[in-house]
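Remarks on the structure that follows.
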Amino acid sequence: MTTIFNVWDFLLILLYAIIPLAYIIPFALMAVYAERKISAWIQNRVGPNRTGPIGLFQTTADILKLMQKEDIVANGADKKLFLLAPIVVFIGSYAAYAALPFTSVYIGTNINLGVLYMVAISGFVVAGIIFAGWASDNKYSIMGSLRSAAQLVSYEIPTLFVIISIFAITQQFNLRELSEMQTSNILNWGIFGFDGLGYKRILLIPVLFVLMIILFISTLAEVNRTPFDLPEAESELVAGFHTEYSGMKFALFFLSEYANMFAVSGLVTAFFLGGYQSPFGYLGNLLGLSWLVPIEQVLWFLTKGILLVCVQIWMRWSLPRLRMDQLMRVCWKYLIPIGFVCFIYITIVMYL
Amino acid sequence: MSNTITKNLKTDEMILNMGPQHPSTHGVLRVELKLDGEKIIEAEPHIGYLHRCFEKHCEALTYPQIIPYVDRLDYLASMNNEFGFVLAVEKLLKIEIPERVEYIRVITGELQRIASHLVALGTFGLDVGAFTPFLFTFRDREKILNLFEITCGARLLYNYHWVGGVSHDLHPDFLRLTKEFIDYFRPKVEELNGLLSYNKIFIERTANIGVIPVDVAINYGVSGPSLRGSGIKWDIRKNDPYSIYNKFDFDIPVGQGLAGTLGDCWDRYFVRVLEIEQSLRILEQAIAQIPEGDVTSAIPKRVKPNEGISYARVENPKGELGFFIVSKGGVQPMRVKVRAPSFVNLSVFPEIAPGHMVSDVVAILGSLDIVLGEIDR
C-alpha cells in the first residue's frame with residue numbers, strides 16, 4: 001500500500017516533535033534556576049532573587065543576554081564543524097525525548113526498541129562534543145572532548161548491562177510496555193521486581209537495587225555531571241570542550257546538558273521507578289474520568305524525573321571531581337563486573 | 001603488529017600553557033606543561049605577571065610608608081607580613097615594645113593565619129572540584145575579616161602593625177567577639193572535615209599525589225605547612241620564637257601519611273586543618289592573658305635607624321617569611337630583600353609534578369598554597 005504525502009500526517013508528526021521541545025526549553029530554564037537556588041541553599045547563600053519574583057526570571061534574562069552576545073568564531077577554528085557541533089549535541093539530546101514515555105497516550109515514537117534507541121541516540125552527543133573540541137583549535141577543548149569521548153563510550157557498557165538485565169526479566173525493549181508492566185502500585189515498580197513474577201521477585205529485588213545504582217551512576221557519567229564532569233572540569237580545563245563557544249552556541253550546549261539530565265532521569269524512572277505510573281491508584285479511575293489519567297501520568301513522570309534531576313544537582317554541589325584514571329577505574333573495575341554478575345544472576349533466576 | 005602501528009604513527013608531545021588566565025593557578029601564574037597525552041613530562045612555572053618592583057620601591061620610601069606595600073605581598077595574610085616587617089625594623093631600631101602590643105600582634109597574626117588557611121583549604125577543594133567547601137570556608141573567613149574591620153577599619157590590607165606599636169588599640173568588643181568566634185568556629189572545622197577532608201573522592205584525588213620527600217623538601221627550602229606535611233617538625237614560632245610565642249602552649253602538627261604516602265597533597269592539606277586548631281588554642285591563651293596598656297607609646301616619631309643590617313623571620317601561613325633590611329642611616333632603607341615562602345615553595349613544583357596527570361597539577365598547586373602577590377612581589 002502506498003500513501004501519498006499527507007499534510008495532516010506531516011502536521012501530526014510536527015506536533016509530536018514539538019511537544020518535547022516545548023517541554024525542554026521551560027524545563028531547562030527552570031532547572032538552571034533550581035540548580036542555582038539549590039546550590040545556594042547548600043552553600044548558605046541566597047541565590048538569584050532579583051529578576052522577577054524570587055529570581056524566577058534569572059535564567060530567562062541570562063538566555064536573552066546570551067542571544068545578544070557576539071558570536072565569536074576563533075581564528076584557527078574549523079568553521080563548519082564549529083557551527084555544527086552545538087547543533088549535533090542538541091539534536092542528540094533532543095532526539096532522545098522521542099522515546100521517553102511521558103504517558104501511556106503520548107510517546108514521541110512508540111518504537112519497540114525504544115531503550116536501545118535512547119542509548120544509541122545519546123551516543124550521538126559524543127560526536128558533537130568531539131566536533132566541538134576538534135574545531136575549536138584549543139588544547140583545553142581537545143583534551144576535554146577526548147576525555148568526554150572515552151568517558152561516554154566506557155559508561156555506555158554498564159548502562160547496556162543494566163538494559164539487558166532488565167530485558168532478561170521483562171523481555172521488553174519498548175519503554176511504554178516497560179512502564180505498563182509496573183502498573184497499579186509501588187510494589188510493581190521495576191526496583192521491586194516487575195509485576196507478575198511471583199516468588200522470583202524476592203530473589204531479584206537486591207540485584208535490582210544494585211542495577212538501579214549502576215544505571216544512575218553511569219547515566220550521571222554520560223551527561224557529564226559531577227563527580228564525572230571531567231570534560232568540562234573548570235578548575236583544570238577552563239570549560240573543556242565549550243571553552244571557545246559564546247552566545248547562542250554556548251546556550252545550546254547548556255540547554256542540551258539540562259535536556260540530557262532529564263532524559264537520563266527519565267530512563268532511570270522508566271526502568272526502575274514505575275515510569276509514568278502512579279505509586280498508588282489514579283484519581284481519574286476513582287472518579288471515572290478517563291481523560292484525567294494521562295494528565296496524572298504526565299505529572300507523575302515529571303515529578304519522578306525532576307526528583308532525580310534534583311539528586312544530580314545535590315550530588316554536584318557536595319562532591320569533588322574524580323580524576324580521569326579513577327573515572328575509568330570506577331567503570332571498568334567496578335560497574336562493569338558488578339553489572340555483569342548481576343546480569344548472570346538474573347538470567348539464572350529467570351531460568352529457574 | 002601493534003609495534004609497527006606505533007612506529008608509523010607520528011606522536012608528539014603537547015605543550016600546554018596553563019595560565020596566566022586560568023581558573024586554578026591561584027592568580028597570574030603560567031605553568032608550561034609538556035604533556036604526553038594527559039601525563040606531565042615537564043612542568044615549568046613562569047612567574048612575573050604580578051611584578052610590582054616591591055623591593056626597589058622600598059628604597060624610595062620611608063619605613064612607615066613601606067608597611068602598606070608589605071600588606072600587598074601575601075594579600076591573604078597581610079597581618080603576618082606586617083608582623084615580619086615591623087620586627088625587622090624594630091631590630092634595627094632596637095626598641096622595646098609594650099606587652100599589650102605583642103599580644104595584639106599575636107592575636108591578629110593568628111586570626112589572619114586561620115583566615116589564610118581557610119582560603120587555602122577552600123580553594124584547594126575548589127581545585128579538585130568541590131565547590132561547596134569553598135563557600136563554607138569563606139563564610140567563616142568573613143567573620144575574621146569583620147573582626148579586623150572593627151579593629152582597624154580595613155578588611156584585607158590593614159596597615160595595622162606599625163613600627164613600635166599598632167595603629168589603634170583593639171575595639172572594646174574585640175576580645176568578646178573573638179571569643180564568640182572561637183566558640184562558633186570549632187564545630188565548623190569538624191563540618192569541613194566531614195564535607196571534604198574525609199571525603200572518599202577527595203582522598204582519592206589527593207593521597208599519593210605530589211609527594212614531597214623529606215630530603216627534597218629540605219633541599220628546595222620548602223617551609224610552612226608544605227614542609228610540615230612532609231613530616232618535619234619545623235615552625236619558626238617554636239624553633240626560633242619571635243615576639244611572645246614562647247609564652248604559649250601549642251603543638252606543631254605534622255603530616256603522618258594518614259591517607260597515603262607521607263608528604264602528599266592530603267598531608268599538606270590536613271596539616272593546615274590541624275594548624276587552625278592550634279591557632280585557636282594560641283588565641284584562647286592570648287585573650288586570657290592580654291594586659292592593659294598603651295599601644296602607641298613606643299611608636300617613634302621618626303623612624304631613622306642607625307647604619308646596620310637586620311633580618312627577621314616569621315612563620316607565615318604560607319611558610320617562612322623573612323625580611324632583610326640594610327640601612328645606611330637614613331629614613332629610607334638602602335635595600336629590602338624579602339624571602340617569600342610561596343616563591344620558594346613553588347620552586348619544588350617542577351620537581352614533583354612530572355609523572356602526574358593534568359588534573360593533579362591543580363591539586364599540587366592548590367596544596368602548595370601559593371599566592372602570586374608574594375611570588376612576583
**Request:** Test B:VAL211 against the stated conditions and say whether it is assigned to a helix (DSSP H, G or I) and farther than 21 Å from B:PHE148 by Cβ.
**Result:** no
**Message:** Looking at the range B:199-211, I want the residues that are farther than 12 Å from B:ARG268 by Cα and within 9 Å of chain A (Cβ to nearest Cβ) and have a partner that is part of a helix (DSSP H, G or I) and not aromatic (Phe, Trp, Tyr) with Cβ atoms under 7 Å, at least 6 apart or on another chain. Which pairs are those?
**Reply:** B:PHE202/B:LEU196; B:GLU204/A:GLN326; B:ARG205/B:ALA363
**Item:** Hits in the range B:6-27 - residues which are surrounded by 15 or more Cβ atoms within 10 Å (Cβ to Cβ) and modelled with pLDDT under 80
**Value:** B:GLY19, B:PRO23, B:SER24, B:THR25, B:HIS26, B:GLY27
**Message:** Please return the ranges of strands (runs of 3 or more DSSP E) entirely within the range B:1-114 where 1 or more residues are under 21 Å from B:ASN316 (Cα atoms).
**Reply:** none
**Request:** Please specify each residue of the range A:175-188 satisfying the condition of being outside any helix (DSSP H, G or I) and either out of contact with any Asp or Glu (no Cβ under 9 Å at 6 or more places or on another chain) or under 18 Å from A:CYS342 (Cα atoms) (or both).
**Result:** A:ASN185
**Complete:** For B:GLN112, the lone unmet condition from (1) within 14 Å of chain A (Cβ to nearest Cβ); (2) within 18 Å of the chain's Cα centre (by Cα) is (1)
**Prompt:** Within the range A:294-302, is even one residue under 22 Å from A:THR159 (Cβ atoms) and not hydroxyl-bearing (Ser, Thr, Tyr)?
**Reply:** yes
**Asked** Which of the residues belonging to the range B:215-249 are more than 19 Å from the chain's Cα centre (by Cα) and closer than 30 Å to B:ILE97 by Cα?
**Response** B:ILE244, B:ASN246, B:LYS247, B:PHE248, B:ASP249
**Prompt:** Out of curiosity, is B:GLU292 touching a Pro at 6+ places or on another chain (Cβ under 8 Å) and either modelled with pLDDT of 90 or more or surrounded by fewer than 15 Cβ atoms within 10 Å (Cβ to Cβ) (or both)?
**Reply:** no
**Message:** Of everything in the range B:178-190, what is exposed (fewer than 15 other Cβ atoms within 10 Å of the Cβ) and either farther than 16 Å from B:TYR269 by Cβ or within 14 Å of chain A (Cβ to nearest Cβ) (or both)? Give them in sequence order.
**Reply:** B:LYS179, B:GLU180, B:ASP183, B:TYR184, B:ARG186, B:PRO187
**Prompt:** When you go through B:SER223, B:SER243, B:SER230, B:SER279 one by one, which is the residue that is part of a helix (DSSP H, G or I) and either touching a Pro at 6+ places or on another chain (Cβ under 9 Å) or not acidic (Asp, Glu) (or both)?
**Reply:** B:SER279
**Item:** In the range B:28-39, residue nearest to the other protein chains (Cβ to nearest Cβ) [restricted to those that are crowded, with 20+ Cβ neighbours inside 10 Å and touching a Gly at 6+ places or on another chain (Cβ under 7 Å)]
**Value:** B:VAL31
**Request:** Considering only the range A:195-223, state which residues are buried (at least 22 other Cβ atoms within 10 Å of the Cβ) and either of a type in the set (Lys, Arg) or outside any helix (DSSP H, G or I) (or both).
**Result:** A:VAL223
**Enumeration of residues in the range A:67-120 that are of a type in the set (D, E, K, R) and outside any helix (DSSP H, G or I)** = A:LYS69, A:GLU70, A:ASP71, A:ASP78
**Prompt:** Pick from B:ASP127, B:ASP169: which is of a type in the set (Asp, Glu), more than 24 Å from B:THR296 (Cβ to Cβ) and touching a residue at least 12 places away in the same chain (Cβ under 8 Å)?
**Reply:** B:ASP127
**Request:** Determine whether the range A:46-56 contains at least one residue that is within 14 Å of chain B (Cβ to nearest Cβ), more than 28 Å from A:GLY240 (Cα to Cα), of a type outside the set (D, E, K, R) and not in a helix (DSSP H, G or I).
**Result:** yes
**Message:** Give me the residue from the range B:130-166 that is of a type in the set (Val, Ile, Thr) and touching a residue at least 60 places away in the same chain (Cβ under 8 Å) and, out of that set, farthest from the other protein chains (Cβ to nearest Cβ).
**Reply:** B:VAL163
**Request:** State whether the residues of the range A:261-277 include one that is in the same structural domain as A:PHE173 (by TED's automatic domain parsing) and surrounded by fewer than 18 Cβ atoms within 10 Å (Cβ to Cβ).
**Result:** no
**Complete:** Within the range A:58-79, residues being without any contact (Cβ under 8 Å) to a residue 40 or more places away in the chain and under 30 Å from B:ALA130 (Cβ atoms) number 6
**Message:** Checking A:ILE63 against (1) part of a helix (DSSP H, G or I); (2) within 14 Å of chain B (Cβ to nearest Cβ): exactly one of these is not met. Which one?
**Reply:** (2)
**Message:** Test of understanding: among A:VAL298, A:VAL309, A:VAL268, A:VAL264, which residue is part of a helix (DSSP H, G or I) and more than 30 Å from A:ALA149 (Cβ to Cβ)?
**Reply:** A:VAL298
**Asked** Would a scan of the range A:315-333 turn up a residue that is within 14 Å of chain B (Cβ to nearest Cβ), of a type in the set (Phe, Trp, Tyr) and surrounded by 17 or more Cβ atoms within 10 Å (Cβ to Cβ)?
**Response** yes
**Request:** Go through (1) within 14 Å of chain B (Cβ to nearest Cβ); (2) assigned to a helix (DSSP H, G or I); (3) surrounded by fewer than 24 Cβ atoms within 10 Å (Cβ to Cβ) one by one and return the number of the condition A:THR226 breaks.
**Result:** (2)
**Selection count where residues are among the small types (Gly, Ala, Ser), in contact with a Ser or Thr (Cβ under 9 Å, 6 or more places away or on another chain) and within 14 Å of another protein chain (Cβ to nearest Cβ), scope the range A:10-45** = 1
**Fill in**
A:ILE142 passes all but one of the listed conditions (1) within 14 Å of chain B (Cβ to nearest Cβ); (2) hydrophobic (A, V, I, L, M, F, W, C); (3) surrounded by fewer than 19 Cβ atoms within 10 Å (Cβ to Cβ); the exception is number (3)
**Request:** Go through the range B:145-168 and give me each residue that's in a loop (DSSP other than H, G, I, E, B), in contact with a helix residue (DSSP H, G or I) (Cβ under 8 Å, 6 or more places away or on another chain) and of a type outside the set (Ser, Thr, Tyr).
**Result:** B:ALA154, B:ARG155, B:LEU156, B:LEU157, B:ASN159, B:VAL163, B:GLY164, B:HIS168
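The values are calculated or read from the model by the stated rules, or taken from the named source; none is laboratory data. All of these numbers come straight from a predicted model, not from anything done at the bench. Here Cβ is always computed from backbone atoms with ideal geometry, including for glycine, and neighbour counts include all displayed protein chains.
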